[in-house]
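Structure first, commentary second.
The values are calculated or read from the model by the stated rules, or taken from the named source; none is laboratory data. All of these numbers come straight from a predicted model, not from anything done at the bench. Glycine gets a Cβ as well: all are built from the backbone with ideal geometry, and neighbour counts include every protein chain shown.
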Amino acid sequence: MKTAVTGLVVVILTCVMGASLAWAQPTLPTPAPGPVGAGQLVQIILALGLVLALVVALGWGAQRLRLTKGTAGRHIKIVDTLALGARERLMLVEVDGERVLIGIAGGRLERLHAMSARDPAGFSEALRVADAAQEQAP
């Protein structure tokens, strides 16, 4: 308890002495900054443009690195995506040689159709089949 009180007294005395020293010293007035010239304005604009270009380049580079790094050696591949509305979409996903058409709506995922990856019918046929199956469903 005694050390805590001693420490508090030292802190208070340091603050009081520092404030009195700062108050006792005369301060010189700082000169007002002059007007910004055309050369300084161009320099500021170029520096801002350089910083913005650097941010865009780093963002683009990060996206490219993530795409090339993320697709190598994976078993799941998104073949195609079709937005049907604000929250609805169709995704054609390839998983171990099989293509699966998935419907996404309202936070739900639903498998609409599955086919072989070598199926020559393609995405349009799968979409037609899935649409026909959806119309027949109650």
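Can you pull out every residue in region 1-57 that is polar (S, T, N, Q), outside any helix (DSSP H, G or I) and at pLDDT below 65? Within region 1-57, Gln25 is the sole residue that qualifies.
Step by step: first the residues of region 58-95, then only those that are in a helix (DSSP H, G or I), among the basic types (Lys, Arg) and surrounded by 10 or more Cβ atoms within 10 Å (Cβ to Cβ), then the one that is modelled with the highest pLDDT. Which residue is that? Once the filter is applied, the top-ranked residue is Arg64.
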